[in-house]
Each structure stands twice: as structure tokens, then as C-alpha cells.
Amino acid sequence: MTTLKLALVGNPNSGKSSLFNALTGEHQHVGNYPGVTVEKRVGRGHLDNTPFEVTDLPGNYSLSSFSPEERIARDELLHGGFDVVVFVADSTNLKRSLVLLTNLMQLHKRLVLCLNMADEAKRAGQKLDVPHMSRLLGFPVVETAANRNQGIDELRQMILKAASDPIPQNRLVYGERLDQALTKVRQALGDGEVEGFDPEIRDWIATRLLLQDEGLVFKGPTVEAAKAEAAKQREWLESQTGMDASLYITHSEFGFIDGMLREVTLHETMPDARATSDKIDRVMAHRVWGLPIFAVVMYVLFWLTFTLGEYPMGWIESGFDFLAEKVGSLWSDPSESVLASLLIDGIIKGVGGVVVFLPNIVLLFLGLAILEDTGYLARAAYLMDRIMHRFGLHGKSFVPMLTGFGCSVPGIMATRTLENERDRLTTMLVLPLMSCGARLPIWMLLVPAFFAPKWGAAVLFGIYAFGILVALLLAVLLRHTLLKGEEAPFVMELPPYRLPTLRAICHKMWERAWMYLRKAGTIILAISVLLWALSTWPKTDHYQVEDQLASGALQKVESIDKAAEAKEGQPKQVTETMIENMKKNEEVQNSALGHIGRWIEPLIKPLGFDWRIGTALLGAFAAKEVFVAQMGMVYSLGEVAEEEEEGGDADEKADDKGEKKDEAKEESTSGAATLRAYIRRDYSQATGLALIIFLLISAPCMATIAVTRRESGRWKWALLQFGGLTVIAYVLSFMAYHIASLFA
């Protein structure tokens, strides 16, 4: 059976993605258009018994050449071979939304007009004669509320109807003058072939010639004559109207839409359908209070991420510990089996050390999804515009930068919405300074290790804010050196506030969480196994700890482990567990990974880092989350809980209100807390501060470098990003470590 090919077209914020999800359900995949990194979403499903494939084209406002999204949508519509094109319009703002429809009507396609968000428009007082609108336009029209799954069945039927109907004639009427000018350009084209274009779309080609669209190249025997006629008609229009020809064409498009809406509107829309949004914006987008409110909103989000995530983290951690214990029980002595070590240390603990932070990822993305679907993130971009212009960035740059909080790769892809090349490159180069979701597991490990629990949310908020500050300062430097040039004006549509639906939020949250889990099960698994192998071989045959035992050098634990000192201040005897842990540590030091770590240690020692941190930093270049798994691997975690309860830095840092006892108790029950205890024991708070700064700023992961190269088109910018951010990270970490050490 032939598969029906559909395209979804519409403005940004028209609900196109919600409609795509409603039509396809979970039968969809996301990729990139060939040769570019603009996202391509394709889904499959059935209309009755007819299979279909639907492509969600990038949101745009016209079929021009001003941005990559517009060019891709235009080229797909011209050459994609779609059977039906579904145009998605925002019912709450039809006059603006339907301007793009005038472009589509010239392409000679089977069209279905989907008036989305019809529920909101009706609540605002709008009532349309939909059958009459369909008769005027010549193709099916249907009202939907995709986020609530309303009207979807009717839309499916209209798509089937359109697919079986003949292609409608163009009923677009621009007015006497413009219609006359376009007719003469079409006549100049005649019947001559225009290479690469369907002969049925001569109306659209004539309009493009009249607009002097430089992004289109037309070739054919009559094209030059048509261009000459277009120039003549453009001059005539401007003399007749006193307006620029391009502006007059836009004015005529609005005139057609306005006249059609007058015909089909049965009840006038309330004077201002956005009245509620405007009232909210008087507070949320206030010139003075807007930014502080935004800061509070983001702080609350980080506080919830940090606080609520602790409980499910413990459950996941217990599950992985139970799994490791069960796998270990298959051997009489797991420490003697390479396979047991691979399964437990390389796979279960390697992947588990990353998956355990999934609740934090879910909570962060849940909050961002709510803010995005309510329309608040668009206000955040508007609020940040004034600040960002002062630092040489475009107001639209804030949207890709916000995306970068989830992952730098789609954030860099999103820079294609910026028309100015300098704005794109500047945003692209500084975007990795936005703390991505892959770094969140690192912060959830290091922040509790070096700071008291009551300061956790504040420190986490400070990390994100510091990344933004460094990005803005670096943008200033770039715009005054390598990327000089004029800044483009900021124009952005603010969608009305909407109550997000549970389905849409859960879908976005699950989609991003699944990407994180998939990464843990593929890339991170492979890297964990590789790092396990490097930390396992070559094997150690002789241990220094045995020599020290024989010579009596280990009779006092305080000489080897300050965390094992008894409460009374008296040294304890060396235990078998401690000896075993020391042997494991020697094995890692003498392994290939240990040799690599010691080789780079002189370079990072001025930052307060040692070979353990060095090896974890190498893993973090492949994928940031690997840092956590690698730190656990190089420590060869053993029993530290009892030692932590009896003394150590955890107790020293607790306050006089009983925090000391509670912290020790918490760390005795958690594998991640055990790793935190080791980190706290071996590194100062100055080292912790330097490490956080270095991991925030230094070279982004391999995927980010690769997509920067692809987006910028040159290795120069990718290498500048890699080297420049690493040098800046080194300098700032060096300063932080030595300044903080003065106050230790």
C-alpha cells in the first residue's frame, strides 16, 4: 500500500510540535537534514487503513532565504514530494499566522488548514464560519486543540479528503496593481522551463523575482527576460504606491488575509485576546523586577532539583548496590576474577555511577519543560536582550543558550535561527559555558562533597550563574577582536501564557531523560569498560603495603589515613579492609591509567589536582558524565562508612546543631556519599572550587567540538573553542585555587 507523505508547516509557537505528537504518538524519530544540523522530525502512523509519513518542517514566517530554517522549509516543500501539506495556524493570532499561507497557496499543493489552539480563541470570544472559510480558500479547514487532542480525528479525515481531491487552483487575490505586475512577470516567463522547479508554481517564481530573493537561483531560457520584466514592474509599483515593492507585497498579503477573515468571522474576537498575558507581563516582564523574578524562578528550580532528587537517587543507588552484590555472589572470591571485576567495577558501577543522577536530570528538564510550555522562557529571552546586547550577543542568542543547559549539541544547532553570521559564531563559541545536563551529575557529586548541605542549592545556582557571566565576558572579547561587526536588531514574538498539559510536559521530560539513559547505555558504557581495562592492566604482583606491614610502618593509621583516627584521638590498628583498599589503590596507580594520570599530574598540580583527577578529566572529554564513574573507579571504593562515622572531615565540617551525626549517618548508607567522603578526605575545599570551575569552563565534550566544526564550517572555530576554553579554565582554576588556599 502506498504511504501518504505529509508535511507540517507553520510559524514558531503555533503548536506544530504538539500536533505532530498527536498524529504520530511514539512512532517518530529525530535526525538532521542532509548536510546541515537543523533538526528533522519524522513520524509514522495510519489514517484509517492508509499508512502515512509526516515531516515536521522547521517553524518559519515565510518561504524566503533569510534564515537556514526558512530555506530548508522552502526546499522541502518545493522538492520533497509531499502528497498533502498541513498548515498549522495559531487561532489566537490568525492575521499574523496566515501570511505564510499566502506563500503556500502559490506552490500548487494539496493543502489542509489546521486552526490550532481553537479552544483558546473561542474562550477569547472568536467564532469562525469554518465551512465558508474552506469554500473561499478552496481546500479543507479544521479547528484543533492539539495539546488536548481535540479535533485530531477530524483532521485525519480532512487529510484523507485532501489527498483524494484534485490540486486546488490558486485563489489568492493581491489587488489590481500587484496582480497586474505579477501577470506581466508570468507572461515574460512564458512556457519556458525553469530548471529544478515545477512549471505549476510560476506564480510563486514570479513573486520571488519581484521580491529579488537573492537566495534563489533561477535558470532557464526565459528567466533573464522575466528578471528584466520584474525589475520594470518593481519600479512601476514603487512609483504607483510610493512604497518599497517588498513592503507593498507584504501589505497586500495582509490585505488578502484581512479581507478573508472579515468574511468568515461570525463573532468579533474580544478587543484583546492577550489581555491576561499582558497583565502577567506587567510583573513577570517588568523592566526592573523582571530579571530578579527570573533569577528567583531559576533558583527555586535548582533548589528542587538538588533537594527532591536525593530520595530517588538513594533508591537507584541501592538497586545498583544490590545488583553488584548479587553478581559478586556468583564467585567465591570476586576479587580474583577478571570477569567479575568487569561486570561489577566496569559495567555496573561505571554505568550506575551515572544513572544514579537520573532523578536530578528528570527534575531539571521537568522544570524547564514547564517554563517553556507556559511561554515564560520566551520572556526570559526578552528580559535578557538588554543585558546581552551590552556584551555583544543577540537577544535571540539566549534561546540557544537556554537549550545549552540541557545539552550543548542542540544548543549549537539552535544558533541557526540567528541570521547574522557573527552573532551565530559568537553564540556558538561561548555556548558550552552553559552548564549542560551532562555536568549535573558532577555537581551532584562535588557540591555536597565540599559544601554543607544547607548551601547546596545556592552553590548550584552560583555555578550556573558563573557560567553565564564568563560566557558574556568572553562574548565581549570576541566581538571586539575576532568577530567585529554591527549587531543585528532583536525581534522576537512573545507567545501568550498557556497552561501546559501534563501529556506535553511528560513527553518532553521523557524524551530528554531517555536520551540521557541511552547515552549511559552506549557511549558511557563503552568508555567505562575502556577505562576499567586501562585501570586493571598491567597487573601488580608486588605491593608496597606488604613491605610496610613487614617493617611496622603501618602500625598507626593516622600515618596513612587521617579519616580513621578514633574519637579519643588514639590511633587504631590497621584492618584487613584498609589493607585491601590500599592494595587496590596501588593496582590503579600502577595500571596504564595510573601511568597516564601521573604523566599529566605535573601539568595540573598547580591547580590542586592529582593523578586521580587527571584521569577522570580525560574521561570527561569523551562525555562529561564519565568523570563521576572514573573517580569511583580510580578510588576502587571499599568500606569507608564505619571510618566516616568515627571521625574525619565530614565531622569537622558539620555545625553545632547535630549536622555532624546526621551527615555521618547519611554517608554510611550511600555509595555516592562514600565517594564524596573519599574526595573530601583527600582534597581541600580550594581544590574542590578549582575543580568545579575547570569542569564548568574547560574543553567541551567531543560531540560539542564535532558539531561546532560542522556548524561553523571550519576547524578553526572548533579548535579555538577547544583550546580557548581550556586555557581560560586553567587560568581561572589556578587563581581560584591559590586565592581560596589563602583563606583555608
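Remarks
- Criterion violated by ASP153 - all others in (1) of a type outside the set (S, T, N, Q); (2) touching a Lys or Arg at 6+ places or on another chain (Cβ under 7 Å); (3) surrounded by fewer than 19 Cβ atoms within 10 Å (Cβ to Cβ) satisfied: (2)
Matching residues to (1) at pLDDT 90 or above; (2) surrounded by fewer than 18 Cβ atoms within 10 Å (Cβ to Cβ); (3) not assigned by TED's automatic domain parsing to the domain that holds LEU8:
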site: THR102; (1), (2), (3): yes, no, no
site: HIS108; (1), (2), (3): no, no, no
site: LEU113; (1), (2), (3): yes, no, no
site: ALA118; (1), (2), (3): yes, no, no
site: LYS122; (1), (2), (3): no, yes, no
site: LYS127; (1), (2), (3): yes, yes, no
site: VAL130; (1), (2), (3): yes, yes, no
site: SER134; (1), (2), (3): yes, yes, no
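- Single residue of region 438-455 satisfying the filter (aromatic (Phe, Trp, Tyr) and at pLDDT 90 or above) that is nearest to ASP682 (Cα to Cα): PHE450
- Test: residue in region 139-147 that is in the same structural domain as CYS114 (by TED's automatic domain parsing), touching a residue at least 12 places away in the same chain (Cβ under 8 Å) and part of a helix (DSSP H, G or I): yes
- The sole residue among SER591, SER551 that is assigned by TED's automatic domain parsing to the domain that holds LEU675, surrounded by 16 or more Cβ atoms within 10 Å (Cβ to Cβ) and either farther than 23 Å from ARG676 by Cα or at pLDDT below 75 (or both) is SER591.
- Residues (more than 30 Å from ARG439 (Cα to Cα), free of Cβ contacts under 8 Å to residues at least 24 places away in the same chain and surrounded by 15 or more Cβ atoms within 10 Å (Cβ to Cβ)) located in region 279-329: GLY328
So that you can scan it fast, the table gives a plain yes or no per residue for (1) surrounded by fewer than 20 Cβ atoms within 10 Å (Cβ to Cβ); (2) part of a helix (DSSP H, G or I); (3) out of contact with any Phe, Trp or Tyr (no Cβ under 6 Å at 6 or more places or on another chain); (4) not aliphatic (A, V, I, L, M):
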{"site": "PHE694", "(1), (2), (3), (4)": "no, yes, yes, yes"}
{"site": "ALA706", "(1), (2), (3), (4)": "yes, yes, yes, no"}
{"site": "GLY724", "(1), (2), (3), (4)": "yes, yes, yes, yes"}
{"site": "VAL731", "(1), (2), (3), (4)": "yes, yes, yes, no"}
{"site": "ALA736", "(1), (2), (3), (4)": "no, yes, yes, no"}
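- Answer from LEU182, LEU172, LEU136 - the residue that is in a loop (DSSP other than H, G, I, E, B), among the hydrophobic types (A, V, I, L, M, F, W, C) and farther than 28 Å from ILE505 by Cα: LEU172
- Matching residues in region 496-521 - criterion: being surrounded by fewer than 14 Cβ atoms within 10 Å (Cβ to Cβ) and modelled with pLDDT under 75: GLY521
- Of the helices (runs of 4 or more DSSP H) contained entirely in region 337-384, those carrying at least 3 residues that are farther than 15 Å from ALA629 by Cβ and of a type outside the set (Lys, Arg) fall at 338-341, 358-374.
- Note on region 16-36: among residues that are out of contact with any Lys or Arg (no Cβ under 7 Å at 6 or more places or on another chain), surrounded by 13 or more Cβ atoms within 10 Å (Cβ to Cβ) and within 23 Å of ILE412 (Cα to Cα), the one that is modelled with the highest pLDDT is LYS16.
- Some residue of region 207-226 being modelled with pLDDT under 90, in contact with a Ser or Thr (Cβ under 7 Å, 6 or more places away or on another chain) and not in a loop (DSSP other than H, G, I, E, B): yes
- When each of LEU445, LEU478, LEU440, LEU460 is tested for being touching a residue at least 40 places away in the same chain (Cβ under 8 Å), in contact with a helix residue (DSSP H, G or I) (Cβ under 6 Å, 6 or more places away or on another chain) and closer than 23 Å to ARG710 by Cβ, the lone residue that passes is LEU478.
The values are calculated or read from the model by the stated rules, or taken from the named source; none is laboratory data. These figures come from a predicted structure and were not determined experimentally. All Cβ positions, even for glycine, are placed from backbone atoms using ideal geometry, and neighbour counts span all protein chains on display.
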